[in-house]
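Asker: Quick one: the structure is below, questions incoming.
The values are calculated or read from the model by the stated rules, or taken from the named source; none is laboratory data. Because the structure is a prediction, the values reported are computed rather than measured. Glycine gets a Cβ as well: all are built from the backbone with ideal geometry, and neighbour counts include every protein chain shown.
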Amino acid sequence: MKLALITDLHANREAVQSVLDHARGQGAGRYAFLGDYVGYGADPGWVVDTVMGFVDQGAIAVGGNHDAGATKGPSPHMRLDARRVIEWTHAQLSPRQLGFLEGLPLAKTDGDMLFVHANAFAPAEWEYIQSRIEAVRSLHATPCHYTFCGHMHEPKLFHLSGTGKAGDFVPTPGVPIPVPSHRQWLVIPGSAGQPRDGNPAACYAMFDIEEQMLTFHRVPYDHETAADKIRQAGLPAALADRLAHGE
C-alpha cells in the first residue's frame, strides 16, 4: 500500500490538483492530509471540499493552525497578512465546511504511524520542528516508529536509532529512501500549496508501507494562475508574488 502524505495545502487549488494527479499516477492507494487546508490561497472552499471527499473514502486528516484560525479566529501570533486571509477565508466557507475543519483531530494514530500537523509533544501549541532538538523531542513523545507532520514548509527527514543517535537530511526528490522500522522516523513532506525552499514546485511524499520506502516528490503547477486568483480576491499581493519564487 502506497500512502500519499500531503500537507499545508493552503487553499491553492492548482497545486493541490497537480499533487493529487501525480500521486494517483504514482499508485497511491490511500491518502493522509496533515493540516492547513486554508490560509494564504484563494480557493479555500474547493480545497476543503476535496479533502472532505477523500476523508469520506477513508483518508486520514488532521487539523492545522490555519484551519483552527478559520473557525475560532486568527491567532494573535499570526502575521498581519495571514490574519487578513484567515478573516477572509472564514467568510468564504459554508457552515458544513467550517464544521469539518472544527471537527478535525490535532493528531491521529494508525497502527505504527502518527499523523499530526505541528509536532507530537504539544500539537495544540503549534511549535515548529526546525532542528534535531525539536524532532527528537517529538519522537520521544510517541511510541510510533513513523511520525508524519507538516507546519514546516520545507521537506525534511529526521531519524532516531534505538541507542539515541539522531540524524537528519534534506531529501532528493524522486529518490526512494529506505526507512526501516528498527528506527524512529519523522517525515516533513513540505508544503503542497506554498513551498518555501526556493523551489516553487509543490511538495508531497509517498510512503510504501510494506516496502518501508519513502519518496519525496516535487510537482510543478500553474503558480501564475494561483497567484492571479489571490490578487483578484483582493488578498495581499505578497502572498501571490511568493508563489513564483517558492518563498
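Asker: Pairs please, first residue from segment 229-247 and farther than 13 Å from D43 by Cα, second anywhere and in a loop (DSSP other than H, G, I, E, B) and basic (K, R), Cβ atoms under 6 Å, 6+ apart in sequence or on different chains.
Answerer: Between residues of segment 229-247 that are farther than 13 Å from D43 by Cα and residues that are in a loop (DSSP other than H, G, I, E, B) and basic (K, R), the close pairs are E247/R196.
Asker: Separate question: Here is a list of conditions, (1) farther than 26 Å from A141 by Cα; (2) assigned to a strand (DSSP E or B), and I230 meets all of them except one; can you say which number that is?
Answerer: Failing condition for I230: (2).
Asker: Name, by its number, the condition in (1) within 18 Å of G234 (Cα to Cα); (2) surrounded by fewer than 16 Cβ atoms within 10 Å (Cβ to Cβ) that does not hold for P76.
Answerer: Failed condition: (1).
Asker: Does segment 108-119 hold any residues that are surrounded by fewer than 21 Cβ atoms within 10 Å (Cβ to Cβ) and on the phi < 0 side of the Ramachandran plot, and which are they? Quick ask: steps written out before the conclusion?
Answerer: Just the residues of segment 108-119 that are surrounded by fewer than 21 Cβ atoms within 10 Å (Cβ to Cβ), to begin with: 108-112.
Residues satisfying the conditions are K108, T109, D110, D112.
Asker: Next question. Say whether the condition of being on the phi > 0 side of the Ramachandran plot and in contact with a strand residue (DSSP E or B) (Cβ under 7 Å, 6 or more places away or on another chain) is met by at least one residue in segment 11-32. Quick ask: steps written out before the conclusion?
Answerer: Residues of segment 11-32 that are on the phi > 0 side of the Ramachandran plot, as a first pass: 11, 27.
Cutting the leftovers down to in contact with a strand residue (DSSP E or B) (Cβ under 7 Å, 6 or more places away or on another chain) gives us 27.
Looking for residues that are on the phi > 0 side of the Ramachandran plot and in contact with a strand residue (DSSP E or B) (Cβ under 7 Å, 6 or more places away or on another chain), one finds at least one in segment 11-32, hence yes.
Asker: Here is a follow-up. If you take just the helices (runs of 4 or more DSSP H) that sit entirely in segment 1-77, which of them hold at least 2 residues that are among the polar types (S, T, N, Q)? Quick ask: steps written out before the conclusion?
Answerer: Working: elements: 13-25, 44-56, 65-72.
Where helices (runs of 4 or more DSSP H) fall fully within segment 1-77 and carry at least 2 residues being among the polar types (S, T, N, Q), they are 13-25, 65-72.
Asker: Also, I was wondering about something else. Please count how many residues of segment 18-71 are among the aromatic types (F, W, Y) and more than 15 Å from H151 (Cβ to Cβ).
Answerer: Of the residues in segment 18-71, the ones among the aromatic types (F, W, Y) are 31, 33, 37, 40, 46, 54.
Of the ones still in play, those that are also more than 15 Å from H151 (Cβ to Cβ) are 31, 46, 54.
Of the residues in segment 18-71, 3 are among the aromatic types (F, W, Y) and more than 15 Å from H151 (Cβ to Cβ).
Asker: Looking at (1) modelled with pLDDT under 95; (2) in contact with a Leu (Cβ under 7 Å, 6 or more places away or on another chain), which is the only condition Q184 fails?
Answerer: It fails just one condition, (1).
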